[in-house]
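A short worksheet on the structure shown next.
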Amino acid sequence: MDKVSFPRSCPVCGDEATVFTKMIISEKKEDPARPYTNPRISGFGKTRFGDVKTRTLFIPTCEAHQYTDEGENKFKVLCTLGDGILFSILFISFLAAGENLWLGRGLPPYLFGLVLLFGIFIGLTVFAFRPPKVFQAIQVVGFDSDFKHIWLNLENEAYRLEFFQKNRMHAEFVRWIKRA
Ligand SMILES: [Zn+2]
């Protein structure tokens, strides 16, 4: 796993890679309520409850497809906050509009603007939380408890071939069988 080297081309578009994208793999927290259902715990006994192991991969990508989480988290927080605030305003406006309707005054025009704005914010939020293209091109399917082996799903076929040529000694094709 430590010896693995990624091709010097972008996994998304195949262009020459000039920058790196950091990919952090982390082990999911085990369910402490059911410790014996997971062979990783019962078999090796190395995983302590609550410990989350991480390993960082540096993947060469082109500048256009480089992904950094700088700013991204702020964007997510802003979107979520915006959704919450707008929803509150919208809720109160709907109450007020209901009263207006009750009094026979018709709907206030700003209500449509608010609904539109809320829609835009929801759209932005979906956009903010989508997985970046690099992580769609290189998906981590699984890994063993010491990160010695890692299963990758490489979307791009040319990239996959190059990857295996570069890592002939350490990589092998694995037919991934889902555990039932
Ligand atoms: Zn690219």
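Every number in this text was worked out from the coordinates using simple rules, so none of it is lab data. Note that the structure is a prediction, hence the values are computed from the model and not measured. Please note: Cβ atoms are built from the backbone with ideal geometry, for glycine as well, and neighbour counts cover all protein chains shown.
I need the calculated FRET efficiency for the pair GLU16 and LYS148, taking r as the beta carbon distance and R₀ as 41 Å, to the nearest 0.05. Before the final figure, lay out the partial values.
Details: r = 31 Å, r/R0 = 0.75.
After rounding, the FRET efficiency stands at 0.85.
Could you work out how far apart the two model spin labels at GLN165 and VAL141 are, taking each label as a point 7 Å from the Cα in the direction of the beta carbon, and quote it in nm?
Spacing of the two 7 Å Cα→Cβ label points: 2.2 nm.
Non-local amide H neighbours of SER9 (under 5 Å, H modeled in plane, Pro and chain starts lacking H): which ones?
So SER9 has HN proximity to ALA17.
Could you order peptides 79-86, 96-103 by the average number of other Cβ atoms within 10 Å of their residues, highest first?
Details: 79-86: 14.6, 96-103: 11.6.
For the peptides 79-86, 96-103, the packing ranking is 79-86, 96-103.
Starting from the Cα of LEU111, move 7 Å in the Cα-to-Cβ direction to define the label point; list residues of the stretch 80-100 whose amide nitrogen is under 19 Å from there.
Only 86-100 fall inside the zone, counting backbone N under 19 Å.
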